[in-house]
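Novice: Once you've had a glance at the structure underneath, I'll fire off some questions.
The values are calculated or read from the model by the stated rules, or taken from the named source; none is laboratory data. If you're wondering where the values come from, they're calculated on a predicted model, not measured in any experiment. For neighbour counting, all protein chains shown are included, and Cβ atoms are generated from backbone atoms with ideal geometry for every residue, glycine included. We work out accessible area using only protein heavy atoms, side chains counted, and drop any ligands, DNA or RNA first. Shrake-Rupley method; radii C 1.70, N 1.55, O 1.52, S 1.80 Å.
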Amino acid sequence: QAAQIMRLTNLILYLLWAAPSTCAEQSSCIGTKSSLCDATERSDRSEFLQVDRNTIGSSPAPSKSQATSQSLSDLIADAVEHLTDFLNSRVSNSDANMKALQHVGSGSPFRTQMIGLSFWTYGIHTFVDGWAGWSLAKYFIDTRPKNGAPGYDVAAIFVKEDQCAMVFSGTSGLADITTDFTFNVFHPRDYLPCGLHGVHEGFFNDVQQFMLNGSYAREFEPFLHRNCTGGVTLTGHSQGAAMSEIFASCVNAGDSLWIPELKRDGAVVNEGALLKTRFQVNNIFTAGSPGTARVGIKNPLDKSGIFQGERIFTQDWIYMDPVPVSTSELDFWHPNMRAMRLFKTNDTAVSAESIAASQAWEPPLLIPTAHSLAVLDIKLHLRYVEWLLALGE
């Protein structure tokens, strides 16, 4: 256990060293929860909006825990919380990302459109209807605190004709995730109604919080059930990717599902509920997803357990995105789905390697591999749209 904590600490120290040092370079703080940005530039309330953008509901914020432990796990969690808030405040609204998104059109490959939507959720208020042919149908912003830190989690539905794309934001990034796995790393959770074995507690808690917040049952589930005859695709970046994978496994398990109560800091945040899940997830496209479970998540609707879609990550001969490997030291595996590795062949050219589902769910290691010298570069975690465009997409 001590060795695992030490390796995790080394990873965190690397990320702290590699992180940019100011918030000034980012073009906007809208849709972020970084304490380094002006709080007046972000929403400070939970909200649910329909296509007319009128607020019709909100979620009350429970009181913060009055006591915190000073154990090593807590210190690591706190460091990652602040680090990830900082990093994710820069993700979608940076000049590079905004310029890249402007080059994605309705004729771009579907995977590129999906990854683009995952980045739009970081600045959901800035989304331009009609981007790549997609319109924003519904979204919910939950600002309730988690583990003593202010939350800012976004779930959204985008539509194009009869197709629907549901997106979870990675705004909280690894903050919520790592805060939880430092407490539960040696006792990961099983939740058999969703087919989950050894699931990452932090990821699962965030899926619980979304499904139990009321807006899922009132607005999201009925809309996805009635309006998405062309199929439902899930997408997300970073934490949003992990949430998409867990959510898909739960939704595809049947037409209804009991979600247990959610507790944070010893207090009940949401009561458990029997929820309808009358739609199916047809595809998942994710970027920069960390591992989600000790046993790779499978699709309950497929005999082989394979999800259609792709898990996209970046790893070239020298550098690699550190987030997909961030949980590998803790033996959390990726889901049972095809993967695509993006890598640079020179300073500008990007190529891709397809990895079969039978191999793609194996946890990568923080050691040199046949594909990389394993130099971790957090900048790669922020450049998926740019690299997909460079690939010719």
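Novice: From the set of residues in the range 231-261 that are within 18 Å of LEU136 (Cβ to Cβ) and within 10 Å of the chain's Cα centre (by Cα), which is surrounded by the fewest Cβ atoms within 10 Å (Cβ to Cβ)?
Specialist: So, considering only residues that are within 18 Å of LEU136 (Cβ to Cβ) and within 10 Å of the chain's Cα centre (by Cα), the one surrounded by the fewest Cβ atoms within 10 Å (Cβ to Cβ) is THR235.
Novice: Would you check which residues across the range 109-139 are within 14 Å of MET166 (Cβ to Cβ), open to solvent by less than 10 Å² (accessible area, probe 1.4 Å) and among the aromatic types (Phe, Trp, Tyr) and list them?
Specialist: Those that are within 14 Å of MET166 (Cβ to Cβ), open to solvent by less than 10 Å² (accessible area, probe 1.4 Å) and among the aromatic types (Phe, Trp, Tyr): TRP134, TYR139.
Novice: Same structure, new question: Just checking, which of PHE307, PHE313 is open to solvent by 10 Å² or more (accessible area, probe 1.4 Å) and either within 14 Å of ALA241 (Cα to Cα) or without any contact (Cβ under 8 Å) to a residue 12 or more places away in the chain (or both)? Quick ask: steps written out before the conclusion?
Specialist: Numbers: PHE307 fails: open to solvent by 10 Å² or more (accessible area, probe 1.4 Å).
Only one candidate passes the filter, namely PHE313.
Novice: Another question, then. Would it be correct to say that CYS228 is more than 22 Å from GLU362 (Cβ to Cβ) and crowded, with 24+ Cβ neighbours inside 10 Å?
Specialist: Numbers: more than 22 Å from GLU362 (Cβ to Cβ): yes; crowded, with 24+ Cβ neighbours inside 10 Å: no.
For CYS228, the condition - more than 22 Å from GLU362 (Cβ to Cβ) and crowded, with 24+ Cβ neighbours inside 10 Å - is not met.
Novice: Going residue by residue through the range 317-330, is there one that turns out to be under 19 Å from PRO188 (Cβ atoms) and modelled with pLDDT of 90 or more? Steps first, please.
Specialist: From the range 317-330, those under 19 Å from PRO188 (Cβ atoms) are 323-330; that's our starting set.
Then drop every residue that is not modelled with pLDDT of 90 or more, which leaves none.
No, because not a single residue in the range 317-330 is under 19 Å from PRO188 (Cβ atoms) and modelled with pLDDT of 90 or more.
Novice: Next question, about the same structure. So VAL269 clears everything in (1) over 20 Å from the mean Cα position of the chain (by Cα); (2) among the β-branched types (Val, Ile, Thr); (3) buried (at least 24 other Cβ atoms within 10 Å of the Cβ) except one condition, right? Which one?
Specialist: Looking at each condition in turn, VAL269 falls short on (3).
Novice: Something else now. Just checking, does the range 212-222 include any residue being in contact with an Asp or Glu (Cβ under 9 Å, 6 or more places away or on another chain), in contact (Cβ under 8 Å) with a residue 24 or more places away in the chain and under 26 Å from HIS381 (Cβ atoms)?
Specialist: First pass over the range 212-222, keeping only residues in contact with an Asp or Glu (Cβ under 9 Å, 6 or more places away or on another chain): 212-213, 215.
Next, from what is left, pick out any that are in contact (Cβ under 8 Å) with a residue 24 or more places away in the chain: 212-213, 215.
Filter once more, keeping what is under 26 Å from HIS381 (Cβ atoms): none.
Within the range 212-222, not a single residue is in contact with an Asp or Glu (Cβ under 9 Å, 6 or more places away or on another chain), in contact (Cβ under 8 Å) with a residue 24 or more places away in the chain and under 26 Å from HIS381 (Cβ atoms).
Novice: Sticking with this structure for a sec: Could you check the range 335-355 and list, in sequence order, the residues that are assigned to a loop (DSSP other than H, G, I, E, B) and open to solvent by 40 Å² or more (accessible area, probe 1.4 Å)?
Specialist: Residues of the range 335-355 assigned to a loop (DSSP other than H, G, I, E, B): 335-336, 345-349.
THR345, ASN346, ASP347, THR348, listed by residue number.
Novice: Surrounded by fewer than 23 Cβ atoms within 10 Å (Cβ to Cβ), β-branched (Val, Ile, Thr) and either modelled with pLDDT of 90 or more or at positive phi (or both), is that true of VAL185? Let's see the steps before the verdict.
Specialist: Working: surrounded by fewer than 23 Cβ atoms within 10 Å (Cβ to Cβ): yes; β-branched (Val, Ile, Thr): yes; either modelled with pLDDT of 90 or more or at positive phi (or both): no.
Spelling it out, it is not the case that VAL185 is surrounded by fewer than 23 Cβ atoms within 10 Å (Cβ to Cβ), β-branched (Val, Ile, Thr) and either modelled with pLDDT of 90 or more or at positive phi (or both).
Novice: Would you check if PHE279 is open to solvent by less than 20 Å² (accessible area, probe 1.4 Å) and of a type in the set (Phe, Trp, Tyr)? Explain how you work it out, then say what you get.
Specialist: Values: open to solvent by less than 20 Å² (accessible area, probe 1.4 Å): yes; of a type in the set (Phe, Trp, Tyr): yes.
So PHE279 fits the description; yes.
Novice: I've got another one for you. From the set of residues in the range 316-334 that are open to solvent by 30 Å² or more (accessible area, probe 1.4 Å) and hydrophobic (A, V, I, L, M, F, W, C), which is farthest from VAL375 (Cα to Cα)? Walk me through how you get there before you give the answer.
Specialist: Step one: filter the range 316-334 for residues open to solvent by 30 Å² or more (accessible area, probe 1.4 Å), giving 317-319, 329, 331, 333.
Next, only the ones that are hydrophobic (A, V, I, L, M, F, W, C) stay: 317-318, 333.
Values: TRP317: 9, ILE318: 6, TRP333: 21 Å.
Out of the qualifying residues, it is TRP333.
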